[in-house]
Every structure is written in structure tokens, then in C-alpha cells.
Amino acid sequence: MAVIEKPRLRLPGERRPAWRGGLVLLLVLIASGTILRLLDAAGLPPVRNFLLVWASLLVEAVPFILLGAIVSAAIEVFVPARLFARLARLPGPVQMPVAGLGGFVFPVCECGSVPVARRLVVKGLTPAAAITFMLAAPILNPVVLVATAVAYRGRDVLWVMVGGRAILGLVVALAVGWVVARKGKRELLRAPEDHHEPGEPLARRWPAYFAHLSSDFVMLGRYLVIGAGVASALQTFVPQGIVGAVAETPVLNILAMMTLAGILSLCSESDAFVAASFVQFGAGAQLAFLVFGPMVDAKLGFLYVGTFSRGFLRTVVAVVGAVTLAGALWVEVLAG
């Protein structure tokens, strides 16, 4: 009698095999590249320009995407959670700045910083400090700062962009932390309970490491491909008169770049290459793109709503938007 096996059902929250996502990403790249190459062969100059911009962005940013995924996966698998919990034993007023600077020591991307922040709150760190870390870490990440330096190499605004991004990012993160300082754990989190998994032997962590690495790289690469495509299309097909008019309009240029950063939802390891490609915009507007995007974008909005209490997303958007706008305006004044 033949035994009929039932199809295996995927449990909620179970990861899809990482190779499937990588295969889909590879097929999309091949298909889109083939279509664009055929159009380029037809002798269309705008398509050729689009290809050059898109390819240059991908070639420059992909190594930093890979490096960021390597670091993020290592922290997720090999760094014990108790190291983060040591911050909880620091005096309250010291926790926020120390947590904000923690991005240098524990570099995580914006997506990874959300669950880390939740874990810190559960382990006893003040909500203000945990939120400060969550917002500052993706910007103070050494990989991000190096990528920013590479993206702006050879330009007069190199150190303005690198230093300004780090300083303004930390200031914005501290401002949000100060606003939410009155909230307790149960007021901030949707589900304050947490389930701690037992530690695994080192030999068993390597498969988990490579699973996280491949999954993160595919996820980040997907956002990079989309973001680079949109940036290339805006610079190629949108009339430069419109772009120039927005870029030369005070305040509106900064708001436009902040809005674009929120829509593109780029990873902080690669967004500097996209921002640097908008040469029509000044240093203040590009800096606003680099600070606002890693704190507020479409994908983070869903993570915030699912992790934190009602009204948190509104608070973050308002505070991050206002402080970033003020800082970018001052950068334009000083750099001008």
C-alpha cells in the first residue's frame, strides 16, 4: 500500500530558504538587464544613461551591502544578548548617550536595530536609551560611515557629509529618546513579554550564521536594486528643469529629499551612493536624505507599528522630521 505524504506546511514566522530569494533576485537582474540592453541596442540615449547610472550605483554599493550583512549576521548569532543588557546597569542619564554611541560597537542596520531595541527594553534598559540606540546605530555603523566616505570621495563636502551625518544622526536619535523618556516598558511595547531561547553550541551556530547572512544580503540587495533603479529613472527621465527647480528652492529641496528617502526605503549601507548621485541638490538636502531615511521609511513604518505602541510611529516621524530639517537648514547655511 502506497503511503501518500502530506505536503509540509510552513509554520508562521518560519523563514523561506534563502536560496529562493537569491534566485528570484538574480532572475530579476538578468531579465531587467536583458530588456534594457535590447533597448540600448536600439539606439536610445536616455536608456544608455539610465543603464550607466544604475550599473554604477550597484557596482559601488553591493560590496557594502555584503559587508553590512556579514557584520549583522555575526552580531545576531555570535554576540550574547547579555552584553547589551550591561547597559541597563548604567545610571539613567548616562544610558541615552552611551546607547546612542553603541552603534560604533554593535553596528546593525535599521531593520535589525528594531528587534535589538525591543530586547534591550525587555532586559531592563530604559525605553529612552533603547530607542536612541535603535535610531542611531544604523547611522553610526562604521560600515555606513565608510560607505558614505567612499560615496563622496573627491568632493569638497566629504567631511561635511560624513561628520554631519554622524553628529546630526546622534542628535536626532537623542531627541526622539528624550521625547519618549516618560514612557515605561508596558507603555512603549505592544507585547512586553519576551521568550528567551537557550544558547546553542558553537558548531550549530555556523549554519544559522550563513542563513542570516544570505537572507540579509538578499533582502538588502532587493531594496538596493529598486532604489538604484528609481534614482536612475528620476535622473534620466524626469525633466532636469523640474529637478533643478526643486533643488534650488529653499526648504522644499530638503523636504523633497526626505520624502524620497522615505519612499525608496534603502539600506543605510548603500543609501549614500544614491544620495551622492543627486548632484543637483546641495549638501543640506543630501544630508537630510542620509539621516531621515535610516530612521523613517516605508519598511520601518511597518516594523514600528508591529513592535511599539500606538502613536509611536507618529512621534518618530514628527521629531525626526523636525530635527533633521532644522539640522539640514543649518548645514546649508554654513556650507553655503
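Extending 7 Å from the Cα toward the beta-carbon at both Thr34 and Arg182 defines two label points whose distance is 6.0 nm.
From the protein chains alone at 1.4 Å, what is the descending order of accessible area for Leu101, Leu168, largest first?
Leu101, Leu168
Dividing the mean sequence gap of close Cα pairs (under 8 Å, 6+ apart) by how many residues segment 202-321 holds gives a relative contact order of 25 percent. Taking the accessible area of segment 217-336, probe 1.4 Å, and keeping the other protein chains in place, the carbon and sulfur fraction comes to 74%.
Within the shell of other residues whose beta carbon sits under 12 angstrom from the beta carbon of Gly301, the net charge comes to 0, with Lys and Arg scored +1 and Asp and Glu -1. Taking amide H as placed 1.01 Å from N in the peptide plane, Phe308 has its amide H under 5 Å from the amide H of Arg190, each at least 5 places away in sequence or on another chain.
Note on segment 126-192: with neighbouring protein chains present and a 1.4 Å probe, carbon and sulfur make up 65 percent of its accessible heavy-atom surface.
The values are calculated or read from the model by the stated rules, or taken from the named source; none is laboratory data. As the structure is a prediction and not an experimental result, all values here were calculated from the model. Here the Cβ is made from the backbone with ideal geometry for all residues, glycine too, and neighbour counts use every protein chain on show. The area values use the complete protein model at the heavy-atom level, side chains included, leaving out ligands, DNA and RNA. Shrake-Rupley method; radii C 1.70, N 1.55, O 1.52, S 1.80 Å.
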